[in-house]
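Some notes on the structure that comes next.
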Amino acid sequence: QLGAPSSPVTGMALHLDAGQGVTKAAVVGYTEELISQWADQSGNNRHATQSTNTNKPWLVDSTFNGHPVLRFTSDAHLSISGAGAALNPEEYTIFVVFSGARTANSPGPILGNKESGSDKGYNLFYTTDDTCRQTDTVRFRTFDSGGAEDIALPDATCRGYLDEPHLITAQVAGSSGSQIMTIRNNGLTAATTTSLTLIERTSGDFQIALDAGTSGSDNFDGAIAEIIIYPSALSNANLLK
């Protein structure tokens, strides 16, 4: 109701909405219709795709406040080919509406562009402990010359079930030497780190529910309803909008 962010903010770099642009089809051997493409609504044509049936997510209607979600489990993930650099400028703001399944298999990457074998890019991870009763949080990880820079929501911040959404905001603001990382849950600032010189990724793909920087053992078990990325650090007023 507050409207889109105000000028001089540039347009979205990515907008994925489970309520639109989802290409799905029935596949022999699978109960649910599987998703091969999640179309970018920003106008940049950065579509998230998956061609392998065993790695495709599926759509679940009327999950978050009556809205649909994409359901990821096991090896399900989507990739945006060649978008790793475009979605990793010096400043950026990420919004993601998600929930974790709260199972022993649920800890894993929500989104990111971490480059395998090097410390570049970023990831958002959903984490929980083995009992699924204590942590239930989200970690925002970037990289600088010293290695990983991590900030996280407090434990139990994202406790809930698959039909209980959380709006996570992750942001990098400022220029090299004075960059600031911030993570928020449902609009409330939870953690921040300052005076950073981060290493952006300059090539490669962008991943949803996959950490390309690991051996592939991290699997996200949960639901994602929407992802929005701005190639700028939105002001507090625009974050509210």
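Taking every alpha-carbon pair within the stretch 1-126, the share separated by more than 24 Å comes to 33 percent. Cross-link reach is defined here as a Cα-Cα straight distance under 16 Å, omitting same-chain residues fewer than 8 places apart; for Lys120 the aspartates and glutamates meeting it are Glu90, Glu91, Asp144, Glu149, Asp150, Glu200, Asp205, Asp211. Taking Cβ atoms as reference points and 11 Å as the exclusive limit, the residues near Ala85 contribute a net charge of -1, counting Lys and Arg as +1 and Asp and Glu as -1. Residues in the stretch 69-75 carry Karplus couplings, in order, of 9, 8, 9, 10, 7, 6, 9 Hz; the curve used is 6.51 cos²θ - 1.76 cosθ + 1.60 with θ = phi - 60°, and Gly or Pro positions show x.
Here the contact order of the chain, divided by its residue count and restricted to Cα pairs under 8 Å and six or more residues apart, works out to 28 percent.
Mind sorting out which of [x] 197; [y] 215; [z] 122 is the real volume of the Cα convex hull per residue in Å³ computed from the coordinates? Recomputing volume of the Cα convex hull per residue in Å³ here gives the entry labelled [z].
Comparing mean-square fluctuations of Val172, Val27, Val138 from a GNM of the chain with C-alpha springs under 10 Å, the top value falls on Val27. Here the Debye sum runs over all C-alpha atoms of the stretch 54-113 as equal scatterers in vacuum, and log10 of I(q)/I(0) at q = 0.14, 0.18, 0.26 Å⁻¹ comes out as -0.53, -0.84, -1.24. Between the amide H of Asp40 and those of Arg46, His47, Ala48, distances stay under 5 Å, these residues lying 5 or more places away or on another chain, with hydrogens modeled in the peptide plane. Net charge in the neighbourhood of Gly222 (other residues with Cβ under 9 Å of its Cβ; Lys, Arg +1, Asp, Glu -1) is +1. Counting only DSSP H runs of at least 4 residues, each contributing -39500 (n - 2.57), and dividing by the residue count of the chain, the helix-based mean residue ellipticity at 222 nm comes to -500 deg cm²/dmol.
When a 1.4 Å probe is rolled over the protein heavy atoms, the share of accessible surface on the stretch 72-199 that falls to carbon and sulfur comes to 46 percent.
The values are calculated or read from the model by the stated rules, or taken from the named source; none is laboratory data. If you're wondering where the values come from, they're calculated on a predicted model, not measured in any experiment. When we count neighbours, we look across all protein chains shown, and the Cβ atoms used for this are built from the backbone with ideal geometry, even at glycine. Side chains included, ligands, DNA and RNA excluded: accessible areas come from the protein's heavy atoms. Shrake-Rupley method; radii C 1.70, N 1.55, O 1.52, S 1.80 Å.
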